[in-house]
Amino acid sequence: MELESVPGVGAKTAAALRELDDPEAALRDGDVASLARAPGISEGRAARIARGAIRAEHDDPGGFAATKRAREIHEDALALLTDRTVTDYAAKRLATIYPSGVRSRIEEVRAFAEAAMEREPDAAVLDALSAVEPLAEPGDVQVRDRCLATRDAERYADAQAAIPEVSVEVVDDARQLAELARSYSTVVALDEAFAGVDIEGDVRVEPDALEEPASVVPERVLTFFARNRDRIRAAAEVHRVADLDAPCDLDTLLSALDQLDEDGSVSGDEELDRLATAVDDLDAAVSTAESVANDHLREAIEEQDVTIEGTDLLSLVERGAGVDSLLQRELADEYAAAVEKARDHLVDALALRDMEATARRAFPDEPAYPVEHSEDVVARLREELTAARDQRATRRKRALADDLAEMREDAAALVDAALELDVELAIARFAADFDCTMPDLTESEGVAIEGGRSPLLDVPFDEVEPVDYAVEGVTVLSGVNSGGKTSTLDLVALVTTLAHMGLPVPAESARVGRVSELHYHAKTQGTLDAGAFEATLREFGGLVTDVSADRPVMVLVDELESITEPGAAATIIAGILESLSEREATAVFVSHLAEDIRDAAESDLAVDGIEAEGLVDGELRVNRSPVKGKLARSTPELIVEKLADDGDDDGFYGDLLSKFE
Ligand SMILES: Nc1ncnc2c1ncn2[C@@H]1O[C@H](COP(=O)(O)OP(=O)(O)OP(=O)(O)O)[C@@H](O)[C@H]1O
């Protein structure tokens, strides 16, 4: 599929989509999550692009919902589904399901919806879904303890592009390379020419490093997983509670994730923790070790009677010797013991192992009071510990990154499957909540609904009375005030729209003839002025002329008479209905002027009626299912009849009633 051939995809969007691994597959599958991973493409936009791609694939000219009210019904239908999603993703993904007049597209969604309806919406699964989100790309990672080095200007540019996370340095010779090794824990030389050069520090010669960026910056994989850790864990939980087949071994994936900290560092490695703590605690441990030694020495001196012969004292004074010499002479053993205590403390406090020898040298043998550490040795110890810590961290990072890199695709598949489950569960819940069935989608015209209950009514769903209604060709729907004429049109429109989306419909059973367009005109509020009236007539004129056998339409119109005066309205409606009938369209026109329309028509027009079964306590008792071929009596007629029946007049109401006949 040519990316630019998709409606709504220009050169810029196509370039963004090309950043994806397989943009064609994402478009083909309507995979909003993958499309939204392209830079600068939001989920809403991804859904629009996916819809465009689906239309292109099915050669769908679009335009099914041909009027404002038809589009509102589609939006309402969609809202019934998106209200039942847990994730934002699933709501966006459902937005790729649109009413289409093309059978192949409808069949595609029907297959998906039929499988979805088999799903059991379980509270634990819905709960687990709440933390699932599409995987995110982490922001830029900067790694400062490593650098790449090359002698070649062209490689320098390649390296910057391939591994932007680290700095790239140009070096002329081994000496400059050695200088870099003093500033960075690890230097990766990209030129073969440096092979065999002996330089102190962690200097590697890896001419293939640019092909395997993860070996230089394992952080790339680690930050990806760290950023997405909770989402992947949640997706794994969804698989567990929903008993879904996972694309990889979940325990292996989860235990690898457990070794990862939120910031992408490796956790749970005792040796690394030991070294990191030693670096952090070094200064404090040195100072405590000094105190330990000095306390010991002070106590020892305090308890000691130092006897010094006069000649010795003189000789010391003459030489200008200080108390150190005295210590050396008289308290050598105590000093040695104090220093030993300091050394032991340092080694123990920092849990040192292979650096013990260096640590011990931090307190010199030469006696001095107070005991003081050697700055140089402590600095060296710090360097050694830091290098050991960084090397250990890098080794662990590489090992974990290697493990995780292999699971990256599986993790993405795991999250996608969990999100897809949310889409399926929304359909399953919609079907269950509104007692839906899959409609028959036929090539013959008309609609036949049995036990249809519209979830769009203003009464709670369990109070909605089921409606049976079948229409073939064109018909006028008459009925008492508030009998449910508009609601019946809404039900027909909703069932037709859902059926063309490939979704189940809220009815015991339904047959829907495939159409290319749904024209639903809601009741206009009040009479139109001449200009608006002309525009409405033109709209119907255009519609009537456009209808053809290869572009079948369904037309639903609510009280068109409200646009003009009753006499003219009946004539106009009759004319439109006759033209639609000649063109084999399916149409239902709700009207209070059914009788006048029938009189104005030159051919026989079908009239159905929503009848009142009578007045009970002043309230109409209505049979919500239109009766075929029956012009319903109006509400005023029913009231006059009731008054005539009461018989407390001089025959006035009886006379009035006879005028209705
Ligand atoms: N199938 C149904 N089950 C339960 N209540 C319904 C049903 N159909 C309609 N109603 C109730 O009747 C009310 C009036 O319905 P609706 O507006 O469809 O009647 P109408 O015949 O179009 O009225 P009007 O003649 O005033 O245009 C609805 O708001 C709803 O409360």
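Read-outs throughout are calculated quantities, based only on the coordinates presented, and are distinct from any laboratory measurement. Note that this is a predicted model, so its numbers are computed, not measured. So basically every Cβ, Gly included, is an ideal-geometry build from the backbone, and we count neighbours across all protein chains shown.
Report, to the nearest 10°, how far helix 332-349 tilts away from the longest principal axis of the Cα atoms in the chain, using its own Cα long axis and a range of 0 to 90°.
10 degrees
Return the equivalent ellipsoid semi-axes of segment 440-630 as a descending list in whole Å, where each equals the square root of 5 times an eigenvalue of the C-alpha gyration tensor.
In descending order the semi-axes read 25, 22, 15 Å.
If one computes the Cα centroid of segment 41-81 and of segment 432-506, what distance in Å separates the two points?
Rounded to whole Å, the Cα centres lie 21 Å apart.
Would you please put 5-12, 250-257, 494-501 in order of how densely packed they are, using the mean number of other Cβ atoms within 10 angstrom per residue and starting with the highest? Write down the numbers at each step before the final one.
On the way: 5-12: 13.5, 250-257: 16.0, 494-501: 26.9.
Descending packing order for the listed peptides: 494-501, 250-257, 5-12.
Where the convex hull is taken over the Cα atoms of segment 34-141, what is its projected area averaged over directions, in nm²?
Computing the convex hull of the Cα atoms and averaging its projections yields 8.6 nm².
If one puts a single equal scatterer on every Cα of segment 474-544 and applies the Debye formula without solvent, what log₁₀ I(q)/I(0) results at q = 0.12, 0.23, 0.27, 0.28 Å⁻¹?
Calculated log10 I(q)/I(0) at the listed q: -0.47, -1.17, -1.26, -1.29.
For residue 622, what residues show an amide H to amide H distance below 5 Å, using hydrogens built from the backbone and excluding near sequence neighbours?
For residue 622, whose amide H was placed from the backbone, the distant partners under 5 Å are 613.
Under a point spin-label approximation (7 Å from Cα along Cα-to-Cβ), what is the residue 548-residue 440 distance to one decimal in nm?
3.0 nm
222 nm [θ] for the chain, helices only, -39500 (n - 2.57) per DSSP H run of 4+, per residue, to 500? Can you show the working numbers first?
Numbers: 25 runs with 346 residues, N = 661.
So the helix-based figure for the chain works out to -17000 deg cm²/dmol.
With the cut-off at 34 Å, report for the chain the share of all Cα pairs above it, as a whole percent.
That fraction is 65 percent.
Just round it to a whole percent: the fraction of Cα-Cα distances in segment 1-57 exceeding 14 Å. Intermediate values should be presented prior to the final figure.
Numbers: 633 of 1596 pairs.
It works out to 40 percent of all Cα pairs.
Tell me the Kirkwood radius of segment 515-588: reciprocal of the mean inverse pair distance over distinct alpha-carbon atoms, in Å.
Mean inverse Cα-Cα distance, inverted, gives 12.6 Å.
Can you bin every Cα-Cα distance in segment 563-661 into 5 Å intervals starting at zero and give me the percent of pairs per bin, rounded to whole numbers?
P(r) for segment 563-661, in whole percents per bin: 2, 12, 18, 18, 17, 14, 10, 6, 2, 1, 0.
Counting pairs of Cα atoms in segment 333-441, how many percent are more than 25 Å apart?
So the portion of pairs separated by more than 25 Å is 59 percent.
Amide H to amide H, which residues 5 or more places from residue 470 or on other chains are under 5 Å from it, using H placed in the peptide plane?
The list, which skips near neighbours in sequence, is 449.
State, as an integer percentage, the relative contact order of segment 538-647 based on alpha-carbon contacts under 8 Å between residues 6 or more apart.
21 percent
Starting from the coordinates of the alpha-carbon atoms of segment 283-403, obtain the Kirkwood hydrodynamic radius over all distinct pairs and give the value in Å to one decimal.
Final number for the Kirkwood radius of segment 283-403 is 16.5 Å.
For a quick protection proxy, order the peptides 342-349, 192-199, 283-290 by their average other-Cβ count within 10 Å, most packed first.
My ranking of the peptides, most packed first, is 342-349, 283-290, 192-199.
Within the chain, what percent of beta bridges assigned by DSSP are antiparallel, to the nearest 5? Could you put the intermediate results ahead of the total?
Working: 16 of 51 bridges.
The answer is about 30 percent antiparallel.
Quick one: which of 420-433, 105-118 comes out on top by average Cβ neighbours within 10 Å, and what's the full order, highest first?
In descending order of packing, they fall as 420-433, 105-118.
Put one equal scatterer on each alpha carbon of segment 147-203, apply the Debye formula with no solvent term, and list log10 I(q)/I(0) at q = 0.18, 0.26 1/Å to two decimals.
Once normalised to I(0) and log-transformed, intensities are -0.52, -1.07.
Normalised by the residues of the chain, what does the relative contact order come to in percent, with Cα pairs under 8 Å and at least six apart?
14 percent.
Average projected area of the Cα convex hull of segment 178-298, in nm²? Don't skip to the end; give the middle numbers.
On the way: hull surface 52.6 nm².
For the Cα atoms of segment 178-298, the hull's average projected area reads 13.1 nm².
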